[in-house]
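Inspection log for the structure reproduced underneath, given as structure tokens.
The values are calculated or read from the model by the stated rules, or taken from the named source; none is laboratory data. Since we're looking at a predicted model, the values are computed, not measured. In this analysis, Cβ positions are derived from the backbone assuming ideal geometry, glycine residues included, and neighbour counts consider all displayed protein chains. Surface accessibility is based on the protein's heavy atoms, side chains included, excluding ligands, DNA and RNA. Shrake-Rupley method; radii C 1.70, N 1.55, O 1.52, S 1.80 Å.
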Amino acid sequence: MATRTAPARFRPRRTPPPSAPRPAKRGVLTYWRQYLAISPFYLVFAVFSLFPVFFSLFLAFQHWDGLSEMNFVGFQQFGFLLKDPVFWLSVRNTLVIWVLSTVPTLFGALVLAALVHSVKRFKGFYRIALFLPNVTSIVAVTIFFGAVFSNNFGLVNAILGTVGIAPVAWLSNPWLIKVVIALLMTWMWTGYNMIIYLAGLQAIPPEVHEAAKIDGAGPVRAFFSVTLPMLRPIILFTVVISTINGLQSFSEPQVLFGTNAANASLGGPGQAGLTTLLYFYQEAFMNNDYGYGAAIVWAFFLLILVLVVLNWWLVQRGRKE
């Protein structure tokens, strides 16, 4: 008996979907509306930031009082700068104030960040209270410190008088002038660095501290062996920023000692508070020697660059070790 074969099922042929057309390449001019929208920022930046930088470099090789014609003098401004005793005095003052302010600022900020990180209640209040000095007007803070540390009627001398200590010449002694300016800068910038350290502490996983506790490390050992190494990139950032900000002290001595055209003792008695930027202000805007002022700024820029690179190298070297 012959067997029947089942008829083959009809299977429709599947056609592949049509490929999507490739988007046409767009040129730069296609986005002209977007570029036009962001162009005001770059125009303002080029006119008020970028152009003055290159113009000041051009002025460093000129002799110009702002009104007469410019006179090209080459490297004579820098040659006179190397022999200028007032410039080197301002550099020494700036470096001393920077050291006296930066070291306690970063140390105090790290301690305060660890304390705020460990508290359970009112953490937001502590953050705001400690950061508040940084957003306060530096002129108002300087006037306040000038009244507090006044030689004759200052609050500090009044407190010292209650315990039988003679008044201290805070704003007359060359070293104490630097101490007052450094205290002012420390009070202004400790809260700022504390916020940065606190963010770094909060980014450390809690499992790391739990593992250190299981291994028998106490709070102090865990801080120096676990927390501090993990904060090294944050510390490097704060060291660089503090170096740049600390070396640019200008408003503090200017407001503290009332610098003006009639004040012969620029930077206080003995020019003990004369910083490099304050000396630049005197030469450029009081003596109308814009070429020499530009030379001072560029020489000081190179000094800041060297110190920033040196601090970065020291921190990175400690990290490798």
Which shape class, rounded, prolate or oblate, goes with region 139-258 when its Cα gyration tensor gives a ≥ b ≥ c as root eigenvalues, a/c under 1.5 marks rounded, and past that a/b bigger than b/c marks prolate? prolate
Residue span residue 80 to residue 156: 0.36 nm per residue of separation minus Cα-Cα distance leaves a gain in nm of 23.1 nm
Accessible-area value, residue 84, 1.4 Å probe, nucleic acids and ligands omitted, Å²: 10 Å²
Against the longest principal axis of the chain, how steep is helix 174-203, in degrees 0 to 90 to the nearest 10, with axes from Cα atoms? 10 degrees
Quickly work out the residue 57-to-residue 120 label distance, labels modelled 7 Å from Cα along the C-beta direction, and quote it in nm with one decimal. 5.8 nm
Carbon/sulfur fraction of accessible area - region 203-287, other protein chains in place, 1.4 Å, %: 62 percent
One finds, for residue 211 and residue 313 with R0 = 22 angstrom and r their Cβ-Cβ distance, a FRET efficiency to the nearest 0.05 of 0.10
For region 69-218, the spread of Cα positions along each principal axis, largest first, Å: 69, 52, 31
Roughly speaking, what is the stretch gain from residue 175 to residue 95, that is 0.36 nm per residue apart minus the C-alpha to C-alpha distance, in nm to one decimal? 27.5 nm
Hey, what number do you get for the chain at 222 nm if only DSSP H runs of n ≥ 4 count, each worth -39500 (n - 2.57), divided across all residues, to the nearest 500? -19500 deg cm²/dmol
Quick one: angle between helix 32-45 and the longest Cα principal axis of the chain, in degrees between 0 and 90, rounded to 10, please. 20 degrees
With each pseudo-label sitting 7 Å past Cα toward Cβ, what's the residue 69-residue 203 distance in nm, one decimal? 5.7 nm
Percent of alpha carbon pairs in the chain separated by more than 24 Å? 69 percent
In degrees, nearest 10, range 0 to 90: what is the angle between the Cα axis of helix 290-320 and the longest Cα principal axis of the chain? 60 degrees
Report the extension gain between residue 240 and residue 111 in nm, rounded to one decimal, defined as 0.36 nm multiplied by the number of residues separating them, less their alpha carbon distance. 44.5 nm
